[in-house]
Every structure is written in C-alpha cells, then in structure tokens.
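See below for the structure under consideration.
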Amino acid sequence: MATIAPGVQTGPYHAVLDHIHPEPTSFIRKYIFSIDAKVIGIQYMITGAIFFMIAGMLAEIIRTQLLSPDGAIVSPATYNSIYSMHGSAMVWFVVIPLLTGAFGNFVMPLQIGARDVAFPWLNLVAFWMFPIAGVILFSSFLIGAPDAGWTEYPPISLQGPPGTNLWCIAVFLIGVSSTMTGINFLVTIYKMRAPGMTFTRMPLFVWAQFATAPLSFIATTALGAALAALFIERVFNVPFYDPHRGGSPVLWQHMFWFYSHPAVYIMIIPGFGMISEILPTFTRKPIFGYKMIAFSSVAIALLSFSVWAHHMFTSGMVPWLQLPFMIITMVIAIPTGIKIFSWMATLWGGAINWKTPALYATGFLITFTYGGLTGFFLAAVPADYHEHGTYFVVAHFHYVLYGGSIMSLFAGLYYWWPKITGRMYNETLGQIQFWLTFIGFNGTFTPLHWLGLLGMPRRVPNYDPSWTFIFWNRFASISSYVMTLGALLLVYILIDSLRNGKKAGPNPWGARTLEWMISSPPPYYNYKKIPAVLAAPYDFGNPLPYIGLEAAPGAVEATPTSASHPVPTY
Ligand code: HEM
Ligand SMILES: [Cu+2]
C-alpha cells in the first residue's frame with residue numbers, strides 16, 4: 001500500500017501546497033506511468049534526446065549531400081522529405097518538449113517550493129502523447145514522408161506523399177500535449193508557490209515558464225485548426241486551401257505562422273530562464289536587473305503574437321501592411337536586448353567560475369545575439385526580399401534555435417544534471433564537449449550567411465558548382481561532423497557520470513534557489529516542510545531568504561554568504 005514518508009508535513013498547512021501523492025511502489029507506476037513531475041521530466045528528457053539524435057542524423061544526411069554540388073547521397077525527392085522531417089522533429093519533438101516538458105517539469109515545481117504540478121494526471125497524459133506522436137511522425141518514412149518542408153505550405157502539401165497525413169496527426173497530437181502542459185504550468189505557478197513567494201521573488205526560470213505557458217495553449221490552437229483543415233482537405237477532399245476550388249493557400253500561411261512565430265519564443269524564453277539561473281551562480285553576483293529580466297519575458301511573449309506576417313513579406317502582401325509587421329518585429333529586440341545587457345552586466349566584474357554550465361551560458365550569449373542580429377536584417381522588408389528562401393534564413397534560425405535553444409539546453413543540462421542524478425560529470429570532458437560544439441556549430445552555420453546572400457537557395461539537393469559554393473559548403477559539412485562528435489561525447493559523459501560520477505551532494509554549485517536546498521536527487525515529496533520565502537533568490541552575499549526549510553546537510557553551507565566567498569558589488 002503506497003504511503004506518505006514519515007515526517008512529511010501534510011494538512012492543515014494549505015491544501016494546494018500539500019498536493020502530496022503517496023510514493024508508488026510498483027515499477028510500472030514509479031517509472032512508466034508516473035504522476036511525479038520529476039519522473040515525467042526525466043521521461044521527456046530521454047524521449048527528447050532520442051528524437052534529437054534522429055533529427056541530428058537527418059541533418060548530417062543533408063550536410064553530407066551538400067558536401068559536393070552534385071551530391072547524390074539521396075534522391076531529390078528523399079532530400080525533400082529529409083529536411084522536412086529534420087525541421088519538424090527538431091521544432092516539435094526536440095526543442096519545445098525539452099525546454100518545457102523536460103526541464104519545466106523537473107525544475108519549476110522544485111523552484112517554487114511545490115510538491116508537484118497542479119494536475120499530475122494531465123501531466124502523465126500530456127507526456128505519453130509525446131512518444132506516441134513521435135512514433136507516428138517517424139513512421140511516415142514507411143509510407144512516404146512529408147516533403148513540403150516543416151512548413152508544409154499548400155498547395156504542394158495537398159499533393160504530398162501519404163505520410164503527410166501522419167505528419168498532420170503527429171503534429172496535432174504534440175500540439176495538444178503542449179497545450180495541456182501550458183495550462184498545467186500556468187496554474188501550478190499561479191497557485192502553488194511557497195508562502196511568501198510573491199511574483200517578484202520567483203526564480204527567473206519560473207518567470208520564463210510562466211511567460212511561455214500562455215503561448216503554448218493560445219498559439220497552438222491556430223496550428224491545430226490549420227492542421228485539421230489540411231488533413232480534412234487531403235483525406236476528405238473538402239477545400240480549404242486549394243485556390244481552384246475557392247480555398248486560399250495564404251490562409252494556411254497566416255494560421256501556421258500565427259502559431260509558429262510565438263512557437264519560436266516557446267523555443268527560447270525557457271532557455272533565457274536557464275541562462276538567468278546559471279550566470280549569477282557562476283559569477284557569485286546578484287543578477288543585474290532582476291525585474292527587467294522577468295518582465296521582458298512577458299513583454300516578448302505578448303509581442304510575439306503580433307509579428308507572424310514577417311514570414312510572409314514575399315507572399316504578395318500589400319506593402320502598407322508590411323510596415324507595422326516590420327516595425328513591431330524590430331521592437332521585440334528591445335526586451336531581448338534588456339536581457340542580453342543584463343546578463344553581460346552580471347558577468348561584468350564577476351568572479352567567474354568557468355565550469356561547463358558557465359561556458360555554455362556565455363557561448364549562448366555570443367551565438368544567440370549573433371542570431372538575433374541577423375533576425376534584424378530579415379525583418380527589414382527590402383533586405384528580406386533578397387534573403388527570403390536562401391541559406392541566410394537557414395543560418396539565422398539555426399543561430400537562434402541551435403545557438404540559442406540547444407546551447408541553453410546544454411547549459412541547463414550540465415547545471416541541473418547533479419540535481420537530477422545525484423552525480424557529478426567529468427568536468428574536463430564537459431569543457432572539451434563545449435568547445436567541440438561551439439567551434440563545430442559556428443563553422444557549420446557562419447558560412448551559410450554569405451552563401452545565402454550570394455543566392456544559394458534553401459531546400460535544394462544540389463547547387464552551383466562554383467569554387468565559393470563548393471569550398472564553404474564543404475567547410476560547413478566538415479564542421480557539422482565536429483559538432484556531431486561533440487554530441488556523441490555528451491552521450492559518453494552522461495553515461496560515464498551515471499556509472500562512475502562523484503556524488504554531487506545537495507548544492508555542488510553553491511546556488512541559492514530552492515531546488516539546491518534539498519538532496520540530489522530530490523525525495524519524491526520534494527520538501528519535508530514547505531519553506532516560506534522572504535526575498536528573490538539571487539542576492540549573493542546575503543543570508544538565504546528561506547525560513548522553515550529543512551535543508552539537506554551541506555546545502556546552505558555551500559552558498560557564498562561568508563567571508564570565504566567575497567561577493568563583488570556593482
Ligand atoms: C544538429 C545540427 C544541425 C544541422 C547540421 C542542421 C542542418 C540543417 C540544414 C543544412 C538545413 C537546410 C536544408 C535545406 O534547406 O535544404 C536545415 C533545415 C532546418 N533545420 Fe536544421 N540543423 C541542425 C540542427 C537544427 C536544430 C537544433 C533545429 C531546431 C529547431 C533545426 C531546425 C531546422 C529547420 C526548422 C529547418 C528547415 C527545414 C525546412 O526547410 O523545411 N535544425 N538544418
Ligand atoms: Cu517569426
């Protein structure tokens with residue numbers, strides 16, 4: 001019979017806070033059909049990692065095809081399916097589930113001092129939709145995978161292979177899953193914060209999940225409707241997008257991008273939150289501009305709903321309508337810039353402890369800012385006319401999605417790995433893995449900017465056999481092999497850590513947020529007693545802002561509040 005561990009405080013504290021569910025005893029309930037957000041978070045991590053490997057392999061087929069101008073690794077038709085599936089998988093089955101489902105589930109409830117999310121069963125259902133939808137997506141290769149890009153624009157997607165129907169179902173399902181998670185996280189953060197944890201005392205990763213949640217359940221509705229219409233038109237021949245029968249292909253573009261632009265922020269705001277956690281911990285300084293960073297996440301989320309048509313400047317839109325979309329797109333750079341300057345100010349004068357999470361956080365700052373700047377070039381209508389549909393666009397979104405999302409995911413993984421597993425990883429190998437990734441990544445995508453400006457179109461299996469195109473495509477492909485070597489080394493590092501890693505203890509980094517106050521890994525009930533929170537968590541140098549906390553031995557002592565850790569001031 002499942003019981004509640006001795007000494008764990010339950011009622012009459014506060015019903016919502018208790019939210020305790022007895023520890024499961026059977027293997028199935030503990031590890032397969034678990035309602036524990038920590039276990040569900042780890043399930044998302046494993047599933048997302050597997051899909052990352054598959055989507056990464058597809059990327060390497062693309063790069064190998066592009067090693068030479070007349071590459072014939074795959075046929076043109078297969079090439080179309082490969083980049084379509086690579087893009088679809090990376091967006092919906094890797095980055096979004098890892099940043100929200102995986103780290104959101106494991107870290108967010110711990111950071112707000114809760115014992116779980118608001119709706120554990122909904123959480124279980126939302127998770128299981130993920131691997132099922134993934135299997136449906138990849139099984140489309142068996143019957144002819146979609147070939148009209150991850151954007152699947154009609155009318156070409158109306159003529160697409162049968163697997164396009166499975167693509168519709170898979171993406172629809174993952175959309176439902178992410179909607180459920182969004183609602184779950186919003187209610188959890190709103191209702192289940194520890195006593196005293198007011199909004200301006202919440203950790204910044206929690207703020208990031210709070211700002212992202214509404215994007216997941218509002219924007220996704222547009223995608224769901226568009227997908228349903230595409231599926232119905234393909235299967236039941238009811239015209240929505242076919243221009244010959246009164247439909248409109250541009251309708252798809254509006255609905256697809258009304259979702260997909262906010263979706264790019266679902267893919268980056270939680271990553272921003274990770275960087276905001278890591279920088280103060282490794283500089284031993286209070287974060288610069290706590291409130292501005294918190295509110296800028298919300299500002300970015302709100303503005304993200306008003307720029308979708310910047311993806312459609314060349315779709316025949318009336319010129320006067322391009323202007324507001326161009327201007328608002330540029331305005332989003334302001335709240336993003338506030339974050340970047342605040343992070344740089346936090347780094348400035350810090351006693352930086354250059355461990356792998358700090359390396360990735362700083363690397364992120366470089367590559368994401370780079371990606372953000374090229375976004376500016378794309379937002380300018382006249383420049384976009386030239387850049388649209390070229391490798392400049394491919395370079396831009398890989399700088400924000402790999403240079404931003406994936407780099408922040410790696411930073412978060414190295415930061416919270418000791419908490420998730422109770423084990424340290426090999427720091428030297430971690431740093432080597434960072435440099436392989438950082439150098440490989442920049443080598444893979446930097447040349448694509450000028451190849452695009454020179455006119456190299458995206459989504460083509462062959463290209464102009466001139467020296468410039470051959471040299472830089474080869475340079476990019478070989479660099480991508482270095483990046484893949486980095487990814488394989490990461491797998492080795494994590495397995496090695498699970499097998500031979502040093503015990504981590506509760507707080508190996510000397511951090512101050514709540515999750516570092518309990519054991520690593522945390523007990524299933526998270527907190528024996530729910531602590532009260534007196535201040536925001538990043539004021540290094542000040543005593544920890546918690547009362548009534550039953551901290552794990554060594555957790556508090558690890559935080560720099562003593563003379564041994566002088567905290568630089570601004
Ligand atoms: C792992 C390293 C990666 C490499 C080497 C890589 C390489 C590429 C290349 C060369 C293309 C262009 C194909 C073409 O237009 O013909 C592409 C497309 C794309 N990639 Fe990646 N990529 C990688 C990671 C990622 C990540 C992390 C994301 C994140 C979401 C991503 C999202 C996309 C998307 C959305 C497309 C557009 C597909 C389309 O045109 O429909 N990629 N990738
Ligand atoms: Cu956009």
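The values are calculated or read from the model by the stated rules, or taken from the named source; none is laboratory data. Because the structure is predicted, anything quoted here is derived from the model rather than measured. Backbone-built Cβ (ideal geometry, glycine too); neighbour counts: all protein chains shown. Accessible surface areas use protein heavy atoms only, side chains included; no ligands, DNA or RNA. Shrake-Rupley method; radii C 1.70, N 1.55, O 1.52, S 1.80 Å.
Filtering the range 437-468 to residues that are more than 13 Å from ligand 1 (Cβ to nearest atom) and not in a helix (DSSP H, G or I) leaves Leu454, Gly455, Asp464, Pro465, Ser466. Within the range 339-359, the set of residues being open to solvent by less than 30 Å² (accessible area, probe 1.4 Å) and either of a type in the set (Phe, Trp, Tyr) or outside any helix (DSSP H, G or I) (or both) comprises Trp343, Gly350.
Contact map, the range 35-55: residues that are among the aromatic types (Phe, Trp, Tyr) paired with residues that are not in a loop (DSSP other than H, G, I, E, B), Cβ distance under 6 Å, separation 6+ or inter-chain. Pairs shown: Tyr44/Pro97; Tyr44/Gly101; Tyr44/Ala102; Phe51/Ala89; Phe51/Phe93; Phe51/Val94; Phe51/Gly134; Phe52/Val94.
Consider the range 424-444. How many of its residues are aromatic (Phe, Trp, Tyr) and more than 15 Å from Ile493 (Cβ to Cβ)?
Count: 2.
Hey, can you tell me all the residues within the range 284-304 that are within 16 Å of ligand 2 (Cβ to nearest atom) and surrounded by fewer than 17 Cβ atoms within 10 Å (Cβ to Cβ)? Scanning the range 284-304 gives a single hit, Leu302.
With respect to the stated conditions, His449 is surrounded by 20 or more Cβ atoms within 10 Å (Cβ to Cβ), more than 16 Å from ligand 2 (Cβ to nearest atom) and at pLDDT 95 or above.
Pairs meeting the criteria (first residue in the range 132-154 and closer than 16 Å to Leu230 by Cβ, second residue surrounded by fewer than 21 Cβ atoms within 10 Å (Cβ to Cβ) and of a type in the set (Val, Ile, Thr), beta carbons under 6 Å, at least 6 apart or on different chains) are Ile136/Ile169; Ala148/Ile156. When you check Pro543 against the structure, is it open to solvent by 60 Å² or more (accessible area, probe 1.4 Å), outside any helix (DSSP H, G or I) and closer than 25 Å to Leu347 by Cβ, yes or no? Criteria met by Pro543. Which pairs have Cβ atoms under 6 Å, sit 6 or more apart or on different chains, and link a residue in the range 62-85 that is open to solvent by 50 Å² or more (accessible area, probe 1.4 Å) to one that is more than 16 Å from ligand 2 (Cβ to nearest atom) and in a helix (DSSP H, G or I)? Filtered contacts from the range 62-85: Ile73/Thr64; Ile73/Gln65. The single residue among Ala395, Ala379 that is within 16 Å of ligand 2 (Cβ to nearest atom), buried (at least 18 other Cβ atoms within 10 Å of the Cβ) and closer than 15 Å to Thr444 by Cα turns out to be Ala395. Please work out if Asp464 is in contact with a Leu (Cβ under 9 Å, 6 or more places away or on another chain), open to solvent by 30 Å² or more (accessible area, probe 1.4 Å) and more than 21 Å from Leu494 (Cα to Cα). Yes; evaluated as a whole, the condition is true for this residue.
Considering the range 253-338, the qualifying helices (runs of 4 or more DSSP H), each wholly inside and each with 2 or more residues that are more than 16 Å from ligand 1 (Cβ to nearest atom) and free of Cβ contacts under 8 Å to residues at least 60 places away in the same chain, run over 290-303, 319-331.
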